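The values are calculated or read from the model by the stated rules, or taken from the named source; none is laboratory data. Fair warning: this is a prediction, and the values are worked out from it, not measured in the lab. Cβ placement follows ideal geometry from the backbone for every residue including glycine, while neighbour counts extend to all protein chains displayed. Heads up: the accessible areas ignore ligands, DNA and RNA and are worked out on the full protein's heavy atoms, side chains in. Shrake-Rupley method; radii C 1.70, N 1.55, O 1.52, S 1.80 Å.
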Amino acid sequence: MTNDIFHIIMRAQADYARCIDDGRLESWPDYFDDPCTYKITTAANYRDALEAAIVFANSRGMLIDRVSSLREANIYERHTYRHILGAPSLLDEIEEGVRSETPFLVVRIMRDGEMDIFATGRYLDLYKIRNRDAKLTERIVVCDSSRIDTLLALPL
Amino acid sequence: MTGAIETHPAAAETLTWPPGLTRVPYWAFQRDDIYRHEQQRIFQGNCWSYLCLEVEIEHPGDFRTSFVGDVPVIVTRDADAEIYAFENRCAHRGALICLDEYGGKKRTFSCVYHAWSYDLRGNLIGVAFKDGVKGKGGMPQTFRMAEHSPRKLRTAVVHGLVFGSFSDHGPGIEDYLGEEIMARIERVFARRKPLVIGRFTQVLPNNWKLYMENVKDSYHASILHLFFTTFEINHLSQTGGIIVDASGGHHASYSQIDRAAERDGEYSKQNIRSESAYRLADASLLEGFEEFPDGITLQILTVFPAFVLQQIKNSVAVRQVIPRGTQKTDLNWSIIGFADDSPQQRLVRLKQANLVGPAGFVSMEDGCIGGFVQRGIAGAPYAREVLEMGGALAESSESRVTEAAVRGFWKAYRANMDL
């Protein structure tokens, strides 16, 4: 695969992480195609092919609903994430798009300043690339640990 | 109050539990000595604790590791197809016997430290170098393997749920649960074969009892959890009710959608946060299938001390509550599907799993609310909770605007703790 594709995906990943970390959650669904799959699961569930996830969406509408629920309905203490992403490994180029895997580390910063490593893992992605623009057809967020501290509100 | 717990002479008077069920002193969530007594008197006492699903140890040789309170245990199915459980602690020097979460085709467990080995019932069957080497060393002639084994649990299966008890003297599981709770477990599983379709652990920053109070608190559900209320899943004005068993320790709260009552205005009168006109962009999340002939759309059931069975629409899950010290709790979620699910039904379960768990639309708040209490009471061990909603008793009622099941928890707690 070309360096061109690598750079297009890399740019999409950087914008995705910055969007969440800046708190612009309303723009987060824009990084996905419609329909799309977005899942947050654990390495153990992924290994054992257990399909139920911590977060599951199979439409951009469900991603929008995640955001409006967080904004309108759910109660949680104010916090932010800092995503640190590794470089994507390009795994395969198929008719549906490009498969890639990207490691991530997410630090959670609570309103009182307390910081924790909240999650590490990998994004297993299927990107559709059109006109030098990459959209996620599928993102499986595989967290290395099966333990989630307190709650998972903001997307990974 | 027994003398053993009174380690704080200056506070001896206030350490006494207030009479009745409507006050709970906050030191119950803070004190290390109380935590240790809970482990002995409740988790290792006459109570039954959930261990795993029967289907997780389906075949002879299958095993899972689990916990009863903070005690690690191994649950197995032996060649006779019966289920056994024993403490995951080597009789020799106390190391964990089994480090894996699950496995199959097991015939023996061997401790990695000195290779003492056990059969699937927890009997010690081998001691490495027992007779020494070349006639030297070895265990004394008086050593009898039969006298050494980890503690064994009584086990029982209830509609596919495996429970264990460290006590041989407590009631059998059916008497422990009672007919009403047994029936409420049965209606969820309905003689079907459950499957675990996902697992995760939510780490709660609070005492385990604060989580159990929260689960039994039908008063908070439609106030804290806006998602429920807005989407007609659990309005207090719906039909339904709450069952509290005679011991107080078990409960089931349930509701049925009643769209006529939904418009009766109880909520607008109260000026509660639930008035928002929030609508889903993709409402397929709430489009379930007819699964329960009784029309119950929500049932939250607890078994004392620390087990939860949940049915929210088509989302079925079991939650195992594991104390990890006075201020930390592991909440182990197992998301349940059924072997006869069609692909469409399974997809509904995957979608509705969004309602629960650490990112659950209707349950994420329960992950932080206990922490808010734990932090709020930091300087107030002798202040007390007020539990007067719905009266002073711990009994079943048609209204869910009640703290009856929370009072029931404390009734059972105090009986077991001798407080």
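For the reader, a short list of remarks on this structure follows.
- Solvent-accessible area buried by pairing B with A, both sides, nearest 100 square angstrom, 1.4 angstrom probe: 3300 Å²
- Heavy-atom accessible area for A:ASP48, with the other protein chains in place and a 1.4 Å probe, reaches approximately 50 Å².
- The protein assembly as shown shape via C-alpha gyration tensor axes, a/c threshold 1.5: oblate
- Trypsin sites (Lys or Arg not before Pro), loop per DSSP, at most 12 other Cβ atoms within 10 Å - longest free stretch of chain A: A:25-77
- For B:VAL356, neighbours were defined as the other residues whose beta-carbon sits under 14 Å from its Cβ, and their charges (Lys and Arg +1, Asp and Glu -1) total +3.
- Subset of B:LYS328/B:LYS351; B:LYS105/B:LYS130; A:LYS39/A:LYS128; B:LYS328/B:LYS411 violating a 19 Å alpha-carbon distance limit: B:LYS328/B:LYS351; B:LYS105/B:LYS130; B:LYS328/B:LYS411
- Residue with peak Gaussian network fluctuation, chain B [Cα springs, cutoff 10 Å], from B:ALA359, B:ALA85, B:ALA281: B:ALA281
- Free-standing Cys residues across the protein assembly as shown, given no other cysteine C-beta under 4.7 angstrom: A:CYS19, A:CYS36, A:CYS143, B:CYS47, B:CYS52, B:CYS98, B:CYS368
- Electrostatic dipole magnitude of the protein assembly as shown [Cβ: Lys, Arg +1; Asp, Glu -1; Cα centre; debye, to 20]: 1380 debye
- Count Lys and Arg as plus one, Asp and Glu as minus one, and take only other residues whose Cβ is under 11 Å from that of B:ASN416; the net charge is then +1.
- Computed from point charges on the beta carbon alone (+1 for Lys and Arg, -1 for Asp and Glu), the dipole magnitude for chain B about its Cα centre is near 1400 Debye.
- Candidates B:TYR113, B:TYR35, B:TYR219, ranked by Gaussian network fluctuation over chain B, Cα under 10 Å, top entry: B:TYR113
- Anchor B:LYS106: lysines whose Cα lies under 20 Å away (excluding residues fewer than 8 positions away in-chain): B:LYS152
- Selected from B:ALA115, B:ALA156, B:ALA28 as most flexible by GNM, with chain B as the system and alpha-carbon contacts under 10 Å: B:ALA115
- The accessible-area loss of the stretch B:188-203 on complex formation, taken against its chain alone with a 1.4 Å probe, reaches 30 Å² or more at B:ILE197, B:ARG199, B:PHE200, B:THR201, B:VAL203.
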